[in-house]
Amino acid sequence: MSDCTTNLMAALLAGTSVDEVFRQEIENAVNSVLQSELEVFLGYRKYAVEGYNSGDSRNGGYTRLIHTRFGDINVWIPRDRNGEFEQKLLQPYKRYSDNLETTVIHLYQKGITTGEIASLIEQMYGCHYTKGQVSNIAESLQNKVLAFHNRKLNKRYVVIYADATFLNVRRDCVDKEALHVLMGITPDGKKEVLSYG
């Protein structure tokens, strides 16, 4: 059995949470992948003879704390001497996992205020988000929506039709509001959302 399986079985038999086992495994896997990325970039393993006088070498690194649904993981981001290595695994400056961002976006879409979202996230995941951080996530969503509305459309559609669905929207009070969707079907039968609002 692997260490992960052994640790998982021990946690299950002890009746403790398996989240810590998953958190440790994710942390180890992410750090291992980052070290491998640097090795591939440099073209040699740590302490290998090929690395001497190669023009580039390892140059330490820095830590980042990433919030995941299993808990916080500490990640060691390696650097190279020339400053040319850019890891591809983690997005720059991102401190939380995608499922957390998705949760925040869904709560925001339901009309919950940024302060309430920050409080809920702290209760659910144990990590604190300020109103400003929640607003930044919502703003990134608004930028994606704007880019969607400004994209270039196909030149031909065989059919264009409109539909609407009613959603709960919170302004001064919670009320139902129509979301209109404009769909198009291309000559090859592919459906596309043209616009919504």
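Read-outs throughout are calculated quantities, based only on the coordinates presented, and are distinct from any laboratory measurement. Here the structure is a predicted model, which means the values were calculated and not measured. Cβ placement follows ideal geometry from the backbone for every residue including glycine, while neighbour counts extend to all protein chains displayed.
Structural remarks
- One decimal place: the segment Leu179-Ser32 gains 48.4 nm when fully extended, by the rule 0.36 nm per residue minus the C-alpha distance.
- Over 31 Å between alpha carbons, listed pairs Lys88/Lys144; Lys94/Lys155; Lys46/Lys94; Lys144/Lys191; Lys144/Lys176: Lys94/Lys155
- Computed from the Cβ-Cβ distance with R0 of 30 Å, the FRET efficiency linking Asn53 to Leu89 stands at 0.55.
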